[in-house]
1. Sort out which residues of the range 78-95 are more than 15 Å from the chain's Cα centre (by Cα) and part of a helix (DSSP H, G or I), and write them in order of number.
2. Given the residues 49, 3, which is the only one that is out of contact with any Phe, Trp or Tyr (no Cβ under 8 Å at 6 or more places or on another chain), under 26 Å from residue 113 (Cα atoms) and acidic (Asp, Glu)?
3. Restricted to the range 56-74, and to residues that are part of a helix (DSSP H, G or I) and within 12 Å of the chain's Cα centre (by Cα), which residue is nearest to residue 30 (Cα to Cα)?
4. Tally time: how many residues in the range 32-50 are exposed (fewer than 11 other Cβ atoms within 10 Å of the Cβ), of a type outside the set (Val, Ile, Thr) and outside any helix (DSSP H, G or I)?
5. Among (1) under 17 Å from residue 108 (Cα atoms); (2) crowded, with 16+ Cβ neighbours inside 10 Å; (3) not β-branched (Val, Ile, Thr), there is one condition residue 64 misses while meeting the rest; what is its number?
6. For residue 17, are the conditions met, namely being surrounded by 14 or more Cβ atoms within 10 Å (Cβ to Cβ), of a type outside the set (Lys, Arg) and assigned to a helix (DSSP H, G or I)?
7. Say whether the condition of being among the charged types (D, E, K, R), modelled with pLDDT of 95 or more and within 22 Å of residue 17 (Cα to Cα) is met by at least one residue in the range 90-101.
8. When you look at residue 53, is it among the small types (Gly, Ala, Ser), modelled with pLDDT of 90 or more and not in a helix (DSSP H, G or I), yes or no?
Amino acid sequence: LGEPSHGKLKADQWRTLSTTYLPISLIRLWEQADDFTDQRSKQCKELLEVTLSLVSAVIIASSRTTSQENADLYLYHMQKYLKGIRGLFPRYRFLPNQHMALHLAEYLRLYGPVHSWWTFPFERLIGML
């Protein structure tokens with residue numbers, strides 16, 4: 001990770017990194033927030049909350065089971081994440097994928113868990129070619 005010789009991360013590797021290692025690392029890194037200025041501590045806490053909202057949304061979206069409640073919870077976390085990004089970085093320009101992510105709750109309701117309809121298996125094979 002971080003070295004050109006290691007190649008690029010695949011989608012599932014990014015998911016594992018972002019839902020497991022990143023939150024733990026940020027919590028451990030920023031648990032010493034007393035060393036920061038009050039403003040810096042506040043920013044770190046807000047950024048951690050935003051990150052954990054995204055992590056929660058990804059975990060819910062990639063679950064092998066879903067329900068109306070899970071779709072609603074996914075949408076709650078995704079909206080909280082995007083609002084948090086807007087608050088922390090007012091000049092940030094959202095990407096089309098971030099807009100599309102807001103529609104995923106509807107797809108979870110209509111089509112069920114993403115494992116039954118997403119294209120990851122095909123993308124994985126393309127990456128192997």
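1. Once the filter is applied, which keeps residues that are more than 15 Å from the chain's Cα centre (by Cα) and part of a helix (DSSP H, G or I), the range 78-95 yields 86, 87, 88.
2. 49
3. Step by step, filter the range 56-74, then rank; the result is 56.
4. 1
5. Every listed condition holds for residue 64 apart from (2).
6. no
7. no
8. Spelling it out, it is not the case that residue 53 is among the small types (Gly, Ala, Ser), modelled with pLDDT of 90 or more and not in a helix (DSSP H, G or I).
The values are calculated or read from the model by the stated rules, or taken from the named source; none is laboratory data. As the structure is a prediction and not an experimental result, all values here were calculated from the model. FYI the Cβ positions are ideal-geometry reconstructions off the backbone, even for glycines, and counts take in every protein chain you see.
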